[in-house]
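Chemist: Right, I'll just put the structure down here and ask away after.
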Amino acid sequence: MVACIFCKIAAGEIPSKKIYEDEDMFAFHDINPVRPVHFLLIPKRHVGSLYDVDASYQAVLGKMMIKAGDLARKQGLNDGFRTIVNTGKIGGQEVYHLHIHVMGGPEPVGPMVYRV
Ligand code: AMP
Ligand code: ZN
C-alpha cells in the first residue's frame, strides 16, 4: 500500500516518534495528541480497518492488545488508559490503516461516547 501514510511510518519512510517496533507491529506518538500521552499501535502488514481484517490477523492483533498494556505501563499510565479503534465513516476513522489509540494522563479520559 504505497500511498498509505501509516505503512510509510512503519517502514521508516515518514518520520515518527517511535516508541516500539518488532517484526509485526509499530507504535508511535500521535502527531495531534488529545491527552498528555497518546500513541498509536499498528500492524506492519497493511489492513484498512477492523471491518477488513480476516483470521490471518488473529495472532498479530492478539499481540498488539497485550503490547498496548505493556507500552502504556512504560509510558506511565499506571492508573489506567483508554483504547480506541475507530472504524469507517461512522466510527470516525481518518487513516485507513488499522490502529489502536492508547491515551491517558493524570486526568480521567471521560465518558466513552456521548449519548445521542
Ligand atoms: P483515526 O481518526 O482513528 O483514523 O485517527 C488517526 C490518527 O492519526 C489521528 O489521531 C491523527 O492525529 C493521527 N495521525 C495522522 N497522521 C499522523 C502522523 N504522520 N504521525 C502520527 N500520527 C498521525
Ligand atoms: Zn497501510
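Chemist: Suppose the chain between Ile84 and Tyr114 were pulled fully straight at 0.36 nm per residue; how much longer would it get relative to their current alpha carbon spacing?
Modeler: 9.4 nm
Chemist: Here is a follow-up. In Å and on Cα atoms, what radius of gyration and Dmax does region 35-81 show?
Modeler: According to the Cα coordinates of region 35-81, Rg and Dmax are 12.4, 34 Å.
Chemist: Sticking with this one: Checking the cross-link filter: which lysines have an alpha carbon closer than 19 Å to that of Lys63, excluding same-chain neighbours under 8 positions apart?
Modeler: Lys18, Lys44, Lys74
Chemist: Looking at Gly12, Val109, Val85, which one has the Cα that reaches farthest to the positive end of the dipole of the chain (charges on Cβ: Lys, Arg +1; Asp, Glu -1)?
Modeler: Result: Val109.
Chemist: If you don't mind, there's one more thing I want to ask. So how far apart, in nm, are the two label points at Ala59 and Glu21 if each is 7 Å from Cα heading toward Cβ?
Modeler: If labels sit at Ala59 and Glu21, their model points lie 2.2 nm apart.
No value in this document is a laboratory result; all are computed from the given coordinates. Computed from a prediction, not measured in an experiment: that's the story for all the values here. Because the Cβ atoms are built from the backbone with ideal geometry, glycine has one as well, and the counts that use them run over all protein chains shown.
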